[in-house]
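Chemist: Structure below; questions to follow.
The values are calculated or read from the model by the stated rules, or taken from the named source; none is laboratory data. Keep in mind it's a predicted model, so treat the numbers as computed, not measured. Heads up, the Cβs are rebuilt from the backbone with ideal geometry, glycines too, and the neighbour counts pull from every protein chain shown. SASA here: full protein model, heavy atoms, side chains in, ligands and nucleic acids out. Shrake-Rupley method; radii C 1.70, N 1.55, O 1.52, S 1.80 Å.
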Amino acid sequence: MRRLRGRQKRRVCVVGLDGVPHGLLARLTEAGVMPHTAAFVRGGGLRRMRAALPPISSVSWSSFMTGANPAEHGIFGFTDIDPRTYRVRFPLFTDLRCPTFWDRLGESGRRCAVLNQPATYPARPIPGALVSGFVALELSKAVWPRQHLAPLERMGYRIDVDTQRVREDPDGLLDDLLSTLETRRRAAAYLWDREEWDYYEVVVTGTDRLHHFLWQAVDDACDPRHQRAMAYYGAVDRLVAEVWDRFHQGRPPEAEGEGFVLLSDHGFAGVRREVRLNAWLREAGYLFYKTAEPQSVADIAPETRAFALDPGRIYINASGRFGAGCVAPEDAPALREELAARLRELAFEGEPAIEHVFTREEAFCGPLVDAAPDLVVIGRPGFDLKATTRGQQLFAATHFQGMHTWDDALVWTRLPIPEQPEIADLARPILEWLR
Amino acid sequence: MAKGFTLWFTGLSGSGKTTLAERVRDILLERGMKVEVLDGDVVRQNLSKGLGYSKEDRDTNIRRIGFVCNLLTRNDVVAIAAAISPYRAIRDENRALIGRFVEVYCECDLETLKSRDPKGLYEKALNGEIPNFTGVNDPYEPPEKPEVVVNTAKEDIETSVNRIIRTLEQMGYIPAGDARGYTEEEEESIKERLRDLGYI
């Protein structure tokens, strides 16, 4: 009867704050911007957490929902390529190569209600209900079971903000963020009431969007949009409070916080320059294109020895692995070492741009390791790695203000997790708590 | 590359084998595969007509189903068998014969089976009116290492079907869910969104 505490059924409730760094949450809770979150964080338990590699939402959330490494779940980025043709493809939820913990909870009759989890599109059946998050395109394909579609449509549910108009109208983004968050709040309440669940999850992705476009407004108190950015965080705090209060209704005070998890999937920092890895590979003589205006890595020439995919994945164009691979397998280790050493030296105006270069073996472990990049490069805060094939400038200015960081995601929970957790470490304690 | 395989449902009467087999068949047909279902009750009315419920007759029945599944499998058809198949040794014999074999154990407790029992068979068997009724007065040997276990007392049909399909995908027997991936138009939309956020 481990499942029961007195007459209380064990449940887990997760609030995800996409792209919120540990340091920022600590600051906002201390500064009174997020008073409700501060109330439970103050008691301790807020930890810095490592994201999956590379630190982007599709990979990190896939590691969260499976408890697995990318070489086990098979999601290495928002993009992947066909190894024969180099054609870029976009992984779907069904490309996930191992079960989610929601599937595993279903095996013991537990049900889940999951709202706005990135990397779950198109929605497939899970034991319970799922509303997919980014990169979901159409709500009709993002909702399972379908009975929830009409109510969500009626309440004007929005998957994401409009990111196309931000450059022209940054203030419009702040309005959009608030109205999208409001529909998320309503949908969260709806799923809470309509689903019989043991596991509940809602993810806020507006935080990530705010940071990409208006990081300075978040980070710099002198920025003219700072108050509005803080008002958005105030609204996020109210959503956290609403979920927290519902979760604790009718529970004894000594059970406060039990089974509640607050987390982010990666951190954020300000951007100084974009670092275009394919431009560097080309300049350094590792990469050649077939055309003057390459659109993607599908346009690389056969003599290419290495190429990059976003954000910092380096692949050796090895024969036997890629359709036009020209590097003999016996030459690949030395080439990889050479690339890693040279990448570590990359600097902008004398300032080192690279924080880590992980080899495949350091970053990944699992049956799909052969599909993993040969190197994963992490930029220092301020240096945002890109793999665009357009533009030949190595260090480029950008209109984006924020970039993802790897080792300062956050987690708050009372579940037993490692002292220095990685995002994949959360699945097991959640499963064990519900067993 | 061989495309056929055998999906073998085993479990007590009323545990959901036929229902799940039919649901999985519909999904595989929708994905353009050739599929045949060999249902234990149907096979006993033709291929195994005249066989009884002694251990010997039961073994013969399961071997016959295995024989047909093997023919279908090697001709690139997905063979789905839904039969109580109570004895582990004969199921394993079929596994060895066919090779591309995925065993699904439909687990369900007796209380639930009794409550489902539309023909009152469990009640009669428990009252001693039906001899050799598997799970009541005849043995059932659950598989030791089935590829999939579905607990039909605890989980709904969608969950079970989903897990079976996911396992087949992960084992590489069927292409992943939407192997066609996104349409060109959808890909363009995704590219645009990823570009908007600086992800590509």
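Chemist: Quick check on my filter: what residues within the range A:159-201 are of a type in the set (Asp, Glu) and either within 14 Å of another protein chain (Cβ to nearest Cβ) or open to solvent by less than 10 Å² (accessible area, probe 1.4 Å) (or both)?
Modeler: Answer for the range A:159-201, where residues must be of a type in the set (Asp, Glu) and either within 14 Å of another protein chain (Cβ to nearest Cβ) or open to solvent by less than 10 Å² (accessible area, probe 1.4 Å) (or both): A:ASP160, A:ASP162, A:GLU168, A:ASP169, A:ASP176, A:GLU195, A:GLU196, A:ASP198, A:GLU201.
Chemist: Out of (1) free of Cβ contacts under 8 Å to residues at least 60 places away in the same chain; (2) crowded, with 17+ Cβ neighbours inside 10 Å, the odd one out for B:TYR140 is which?
Modeler: Result: B:TYR140 passes all but (1).
Chemist: I would also like to ask the following. Given the residues A:GLN216, A:GLN227, which is the only one that is away from chain B (no Cβ under 14 Å), crowded, with 16+ Cβ neighbours inside 10 Å and polar (S, T, N, Q)? First the steps, then the outcome.
Modeler: On the way: A:GLN227 fails: crowded, with 16+ Cβ neighbours inside 10 Å.
Every option except A:GLN216 fails the conditions.
Chemist: Further question: Filter the range A:69-82 down to residues that are surrounded by 22 or more Cβ atoms within 10 Å (Cβ to Cβ) and not in a loop (DSSP other than H, G, I, E, B) and give me whichever is modelled with the highest pLDDT.
Modeler: The qualifying residue modelled with the highest pLDDT is A:PRO70.
Chemist: Taking the range B:24-53 on its own, how many of its residues are open to solvent by 90 Å² or more (accessible area, probe 1.4 Å), in contact with a strand residue (DSSP E or B) (Cβ under 9 Å, 6 or more places away or on another chain) and either acidic (Asp, Glu) or in a helix (DSSP H, G or I) (or both)?
Modeler: Counting residues in the range B:24-53 that are open to solvent by 90 Å² or more (accessible area, probe 1.4 Å), in contact with a strand residue (DSSP E or B) (Cβ under 9 Å, 6 or more places away or on another chain) and either acidic (Asp, Glu) or in a helix (DSSP H, G or I) (or both) gives 2.
Chemist: Also: Considering each residue of the range A:17-27, count those that are out of contact with any strand residue (DSSP E or B) (no Cβ under 6 Å at 6 or more places or on another chain) and surrounded by fewer than 22 Cβ atoms within 10 Å (Cβ to Cβ), and give that number.
Modeler: Here the count works out to 3.
Chemist: Continuing with the same structure: Please work out if A:GLY366 is within 14 Å of chain B (Cβ to nearest Cβ) and modelled with pLDDT of 95 or more.
Modeler: Numbers: within 14 Å of chain B (Cβ to nearest Cβ): yes; modelled with pLDDT of 95 or more: no.
Here the answer is no, as A:GLY366 does not meet what is asked.
Chemist: Can you find a residue that is touching a residue at least 24 places away in the same chain (Cβ under 8 Å), open to solvent by less than 20 Å² (accessible area, probe 1.4 Å), charged (D, E, K, R) and assigned to a helix (DSSP H, G or I) anywhere in the range B:94-105?
Modeler: no
Chemist: Answer yes if at least one residue in the range B:111-120 is at pLDDT 90 or above, away from every other protein chain (no Cβ under 11 Å) and open to solvent by less than 70 Å² (accessible area, probe 1.4 Å), and no otherwise.
Modeler: yes
Chemist: Keeping to the range A:45-68, report how many residues are outside any helix (DSSP H, G or I) and either out of contact with any strand residue (DSSP E or B) (no Cβ under 9 Å at 6 or more places or on another chain) or crowded, with 22+ Cβ neighbours inside 10 Å (or both). Full working, then the answer.
Modeler: Step one: of the range A:45-68, the residues outside any helix (DSSP H, G or I) are A:45-56, A:67-68.
Next, only the ones that are either out of contact with any strand residue (DSSP E or B) (no Cβ under 9 Å at 6 or more places or on another chain) or crowded, with 22+ Cβ neighbours inside 10 Å (or both) stay: A:49, A:51-56, A:67-68.
Qualifying residue count, the range A:45-68: 9.
Chemist: Are any residues in the range B:54-85 surrounded by fewer than 22 Cβ atoms within 10 Å (Cβ to Cβ) and part of a loop (DSSP other than H, G, I, E, B), and if so, which ones?
Modeler: Those that are surrounded by fewer than 22 Cβ atoms within 10 Å (Cβ to Cβ) and part of a loop (DSSP other than H, G, I, E, B): B:SER54, B:ASN75, B:ASP76, B:VAL77.
Chemist: Kindly provide the set of residues from the range A:391-400 that are facing another protein chain (nearest Cβ under 10 Å) and either crowded, with 23+ Cβ neighbours inside 10 Å or more than 18 Å from the chain's Cα centre (by Cα) (or both), ordered by number.
Modeler: Across the range A:391-400, the qualifying residues are A:THR398, A:HIS399.
Chemist: Within the range A:143-158, how many residues are within 13 Å of chain B (Cβ to nearest Cβ) and either among the basic types (Lys, Arg) or crowded, with 23+ Cβ neighbours inside 10 Å (or both)?
Modeler: As a first pass, look at the range A:143-158 and keep what is within 13 Å of chain B (Cβ to nearest Cβ): A:144-147.
Next, from what is left, pick out any that are either among the basic types (Lys, Arg) or crowded, with 23+ Cβ neighbours inside 10 Å (or both): A:146.
Residues flagged as within 13 Å of chain B (Cβ to nearest Cβ) and either among the basic types (Lys, Arg) or crowded, with 23+ Cβ neighbours inside 10 Å (or both) within the range A:143-158 amount to 1.
Chemist: Can you confirm whether A:PRO367 is assigned to a loop (DSSP other than H, G, I, E, B), closer than 20 Å to A:ILE81 by Cβ and open to solvent by 10 Å² or more (accessible area, probe 1.4 Å)?
Modeler: Against the criterion (assigned to a loop (DSSP other than H, G, I, E, B), closer than 20 Å to A:ILE81 by Cβ and open to solvent by 10 Å² or more (accessible area, probe 1.4 Å)), A:PRO367 qualifies.
Chemist: Taking A:THR37 as the residue in question, decide whether it is in a helix (DSSP H, G or I), at pLDDT below 90 and farther than 21 Å from A:HIS404 by Cα. Let's see the steps before the verdict.
Modeler: Values: in a helix (DSSP H, G or I): yes; at pLDDT below 90: no; farther than 21 Å from A:HIS404 by Cα: yes.
The answer is no for A:THR37.
Chemist: Let me ask something else. Just to be sure I understand, how many residues within the range A:108-142 are away from chain B (no Cβ under 11 Å) and of a type in the set (Phe, Trp, Tyr)?
Modeler: Result for the range A:108-142: 0.
Chemist: Have a look at A:LEU335, A:LEU434, A:LEU385 and point out the one that is in contact with a strand residue (DSSP E or B) (Cβ under 8 Å, 6 or more places away or on another chain), surrounded by fewer than 22 Cβ atoms within 10 Å (Cβ to Cβ), at pLDDT 95 or above and within 14 Å of chain B (Cβ to nearest Cβ).
Modeler: Of the residues listed, the single one that is in contact with a strand residue (DSSP E or B) (Cβ under 8 Å, 6 or more places away or on another chain), surrounded by fewer than 22 Cβ atoms within 10 Å (Cβ to Cβ), at pLDDT 95 or above and within 14 Å of chain B (Cβ to nearest Cβ) is A:LEU434.
Chemist: Taking the condition within 35 Å of the chain's Cα centre (by Cα) and within 8 Å of another protein chain (Cβ to nearest Cβ), does B:GLU158 pass?
Modeler: yes
Chemist: Output the residues belonging to the range A:116-161 that are under 21 Å from the mean Cα position of the chain (by Cα), within 18 Å of A:ARG184 (Cβ to Cβ) and not hydrophobic (A, V, I, L, M, F, W, C).
Modeler: A:ASN116, A:GLN117, A:PRO118, A:THR120, A:TYR121, A:SER132, A:GLY133, A:GLU138, A:ARG158, A:ASP160
Chemist: Take A:VAL271 and tell me if it is more than 14 Å from every other protein chain (Cβ to nearest Cβ), within 30 Å of A:ASP425 (Cα to Cα), surrounded by 20 or more Cβ atoms within 10 Å (Cβ to Cβ) and modelled with pLDDT of 95 or more. Can you show your working first?
Modeler: On the way: more than 14 Å from every other protein chain (Cβ to nearest Cβ): no; within 30 Å of A:ASP425 (Cα to Cα): yes; surrounded by 20 or more Cβ atoms within 10 Å (Cβ to Cβ): yes; modelled with pLDDT of 95 or more: yes.
No: the conditions fail for A:VAL271.
Chemist: Collect the residues in the range B:163-175 that are open to solvent by 20 Å² or more (accessible area, probe 1.4 Å) and facing chain A (nearest Cβ under 7 Å), keeping them in residue-number order.
Modeler: Residues satisfying the conditions are B:ARG163, B:GLN170.
Chemist: When the range B:106-161 is examined, which residues are found to be under 30 Å from A:TRP102 (Cβ atoms) and in a strand (DSSP E or B)?
Modeler: B:CYS106, B:GLU107, B:VAL148, B:VAL149, B:VAL150, B:ASN151
Chemist: Could you tell me whether the range A:84-93 includes any residue that is closer than 23 Å to B:GLN170 by Cα, surrounded by fewer than 23 Cβ atoms within 10 Å (Cβ to Cβ) and among the β-branched types (Val, Ile, Thr)?
Modeler: Within the range A:84-93, one or more residues are closer than 23 Å to B:GLN170 by Cα, surrounded by fewer than 23 Cβ atoms within 10 Å (Cβ to Cβ) and among the β-branched types (Val, Ile, Thr).
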